[in-house]
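Presented below is the structure to which this report refers.
The values are calculated or read from the model by the stated rules, or taken from the named source; none is laboratory data. In this text, all values refer to a predicted model and were calculated from it rather than measured experimentally. Cβ placement follows ideal geometry from the backbone for every residue including glycine, while neighbour counts extend to all protein chains displayed.
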Amino acid sequence: METVQRWVRALADEQETGLVYGDDRWSWAQTVGDAAARARVLAEYARAGEPLHVGVLMENTPEMVRALIAGAVGAHVTVGINATRRGEALARDIVHTDVNVVLTDDHHAPLLDGLDLGAITVLNVDDAAWAERAAQADRSVEGFRDATPTDTFVLIFTSGTSGDPKAVKVPHLLATVSAEMLSPNYGLGRDDVFYCAMPLFHSNAIVTSFALALYNAGDLAIVRKFSASGLLGDIRKHGATFMNYIGKPLAYVLATPEQDDDAENPLRVAYGNEATDRDIAEFSRRFGCTVTDGYGSTEGAVFIVRDESTPPGSIGKAVGASTVWNRDTRTECPAATFDATGRVSNLDDAVGELVNPEGGGLFQGYYNDEASTKSRLDGGVYWSGDLAYRDTAGNIFLAGRTDDWLRVDGENLATGPIERLMMRHDAISQAAVYSVPDEFVGDRLMIALVLRDRATLTPAAFETFLDEQADLSPKARPSLVRITEQMPTTATNKVIKRELRAVGTATDDVIWEREPRSTAYTVR
């Protein structure tokens, strides 16, 4: 089996373009040589008898890419530090992962001011001293320990939408297997340009962009941060043929004004997850490319793929034995049954947790967190934390996270189906369903909506829209509607519902409210 290290070594003499950033370009040979020199400097910070952990607190810059490749060359562990974390939470992530040294830059160094990092060394890659040390170091890829496929390549923190993020031990094997599987599916090769605007401290960018570029010896075109208005210009400028995404980027791009020449671009494939069916179809039409949306956990235990037979709303069929289980009974949930309107009629029984009953797959645990690892692999089964249900053909539909169950008037509701239903309205760009306490018992269903650019939606029009949805349960009709310009999200554009729940109605945003026995909404 391959390792990222072997791929990098194979590129050490490759003179074709490898890394692109703005107007600057570096060959793979230059990039790998630069990374090897940095690996030698970083090796000086290793403690005897302990693995070297190098934290990277940067956005998508050339130094970030060099740091990742240095980890591959030097066979040390790179720790992707989430650049959106702040204060004690940021310090906790760094200390928790036993980092020896943190690489940061002028933009992010102030985030570390005043934090207690103990004996951890902080190096600013924008300092002249760093550049000088790297320039004086040996640029050869030889002389380092050989990595094995199961060695940890990077520690990647989970998104932390429902609590403190956990550091996933991502092995070389996860990156290499993913690249080897995806490349032939989309005919990817040396001539492709891989556009990466998703953060390189997350697994999506590592596995579906960085690793693909290395495997195919294609160009890796990076931008510091994702920009909806700047994406098409970047695609054209760099000749990008492939882009990755996670969360809501497609929705953000589609919210920008459409132009007659949008489809005049080199993009062939957009690959990612968590896009809606509507956004997948609309992005494909508008930009003249193929959009493939799949499911894959950072842990590497559950993979789900779509094909031509995948019905609307489904994320596809599981690869391998993954299915949906009732965690209380530890048995497979029955397939969902649908009534004449298309509504799931046995939701209480059909919804369970997405699992891999054969174990963790490529999952090697959370670093320094045995309790969370044990919980995730309870009873030898991998429990994803995602609620789901499946139809009789094995197609899987996400229903939210395990904390996304609502209890409304004695009925259990899952957030996923309601959010998908809301996306049928042309004016709605994003929807997030969550609970707020009912003053008597159980939950009230609240929904936050982000509208498309220049779109309008009135309470009366929203009521009419809901009336027209035959598959909307009366209990699933929102009690409270928040119209907002922006959702609280992680760095990978996942909505942080705990923040929405915490705010409730205490916001300056417009709130519509529905009385319990009414279908009409009034401004609160």
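Determine, yes or no, whether Ile94 is outside any strand (DSSP E or B), in contact with a strand residue (DSSP E or B) (Cβ under 6 Å, 6 or more places away or on another chain), of a type outside the set (S, T, N, Q) and at pLDDT 95 or above. Yes, satisfied. Only residues that are closer than 22 Å to Arg424 by Cα, in contact with a Leu (Cβ under 8 Å, 6 or more places away or on another chain) and of a type outside the set (Ser, Thr, Tyr) were counted in region 489-524, giving 4. When we screen Thr176, Thr161 for residues that are at pLDDT below 95 and hydroxyl-bearing (Ser, Thr, Tyr), the only hit is Thr161. Selection within region 299-321: residues that are out of contact with any helix residue (DSSP H, G or I) (no Cβ under 6 Å at 6 or more places or on another chain) and without any contact (Cβ under 8 Å) to a residue 60 or more places away in the chain. The member of this set that is surrounded by the most Cβ atoms within 10 Å (Cβ to Cβ) is Phe303. For region 407-425, filtered to residues that are basic (Lys, Arg) and not in a loop (DSSP other than H, G, I, E, B), the residue that is farthest from Val253 (Cα to Cα) is Arg407. Checking the stated criteria, Ala414 turns out not to satisfy the condition of being crowded, with 22+ Cβ neighbours inside 10 Å, in contact (Cβ under 8 Å) with a residue 60 or more places away in the chain, in contact with a Leu (Cβ under 7 Å, 6 or more places away or on another chain) and outside the structural domain of Met487 (by TED's automatic domain parsing). For region 373-396, a residue qualifies if it is under 12 Å from Glu299 (Cα atoms) and in contact (Cβ under 8 Å) with a residue 24 or more places away in the chain, and the qualifying residues are Arg376, Tyr382, Trp383, Ser384, Gly385.
Going through (1) buried (at least 20 other Cβ atoms within 10 Å of the Cβ); (2) in contact with a Lys or Arg (Cβ under 7 Å, 6 or more places away or on another chain) one by one, Pro171 falls short only on (2). Among the residues of region 1-30, those that are farther than 16 Å from Thr61 by Cα, part of a loop (DSSP other than H, G, I, E, B) and of a type outside the set (Gly, Ala, Ser) comprise Met1, Glu2, Thr3, Leu11, Asp13, Glu14, Gln15, Glu16. Remark: pairs (first residue in region 500-524, hydrophobic (A, V, I, L, M, F, W, C); second residue in a loop (DSSP other than H, G, I, E, B); Cβ separation under 7 Å; 6+ apart in sequence or on different chains) = Leu500/Pro488; Ile511/Thr505; Ile511/Arg524; Trp512/Arg524.
Looking at the structure I just gave you, is Glu411 on the phi < 0 side of the Ramachandran plot, within 20 Å of the chain's Cα centre (by Cα) and of a type in the set (D, E, K, R)? So Glu411 fails the test.
Phe201 passes every criterion in (1) in contact (Cβ under 8 Å) with a residue 60 or more places away in the chain; (2) touching a Cys at 6+ places or on another chain (Cβ under 6 Å) apart from (2).
Looking only at residues that are closer than 19 Å to Thr415 by Cα and in a loop (DSSP other than H, G, I, E, B) in region 313-336, which one is modelled with the lowest pLDDT? Of everything passing the filter in region 313-336, Gly313 is modelled with the lowest pLDDT.
Quick check on Phe210: is it modelled with pLDDT of 95 or more, closer than 18 Å to Thr290 by Cβ and outside the structural domain of Ala36 (by TED's automatic domain parsing)? Taking the combined requirement at face value, the residue does not satisfy it. Filtered by the rule that a residue be surrounded by fewer than 24 Cβ atoms within 10 Å (Cβ to Cβ) and closer than 23 Å to Gln259 by Cβ, region 204-225 gives Val223, Lys225. Could you list all residues from region 141-158 that are part of a loop (DSSP other than H, G, I, E, B), crowded, with 22+ Cβ neighbours inside 10 Å and under 23 Å from the mean Cα position of the chain (by Cα)? Once the filter is applied, which keeps residues that are part of a loop (DSSP other than H, G, I, E, B), crowded, with 22+ Cβ neighbours inside 10 Å and under 23 Å from the mean Cα position of the chain (by Cα), region 141-158 yields only Thr158. For region 474-509, the set of residues classified as within 30 Å of Thr341 (Cβ to Cβ), modelled with pLDDT of 95 or more and β-branched (Val, Ile, Thr) consists of Val481, Ile483, Thr484, listed by residue number. The number of residues in region 199-242 that are of a type in the set (A, V, I, L, M), over 22 Å from Val56 (Cβ atoms) and out of contact with any Asp or Glu (no Cβ under 8 Å at 6 or more places or on another chain) comes to 3. Meeting the requirement of 1 or more residues that are of a type in the set (Lys, Arg), the strands (runs of 3 or more DSSP E) wholly within region 426-498 are 443-451, 480-483. None of Ser183, Ser227 is modelled with pLDDT of 95 or more and either under 19 Å from Met64 (Cβ atoms) or outside any helix (DSSP H, G or I) (or both) except Ser227.
Per-residue answers, yes or no, for (1) outside the structural domain of Gly33 (by TED's automatic domain parsing); (2) farther than 27 Å from Asp164 by Cβ; (3) touching a residue at least 24 places away in the same chain (Cβ under 8 Å):
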| site | (1), (2), (3) |
| --- | --- |
| Ile69 | no, yes, yes |
| Ala72 | no, yes, yes |
| Gly80 | no, no, yes |
| Asp98 | no, no, yes |
| Leu103 | no, no, yes |
| Leu115 | no, no, yes |
| Thr121 | no, no, yes |
| Asp127 | no, yes, no |
| Asp138 | no, yes, yes |
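Thr84 meets the conditions (1) over 22 Å from Ala119 (Cβ atoms); (2) touching a Phe, Trp or Tyr at 6+ places or on another chain (Cβ under 7 Å) in every case but one. The failed one is (2).
Set side by side, the residues Asn100, Asn124 differ, and just one is surrounded by 19 or more Cβ atoms within 10 Å (Cβ to Cβ), among the polar types (S, T, N, Q) and touching a Phe, Trp or Tyr at 6+ places or on another chain (Cβ under 7 Å), which is Asn100. With the structure loaded, tell me whether Arg38 is of a type in the set (Lys, Arg) and closer than 28 Å to Asn493 by Cα or whether it fails that test. Spelling it out, it is not the case that Arg38 is of a type in the set (Lys, Arg) and closer than 28 Å to Asn493 by Cα. Candidates Arg47, Arg66, Arg38, Arg85: the one that is surrounded by fewer than 19 Cβ atoms within 10 Å (Cβ to Cβ) and of a type in the set (D, E, K, R) is Arg47.
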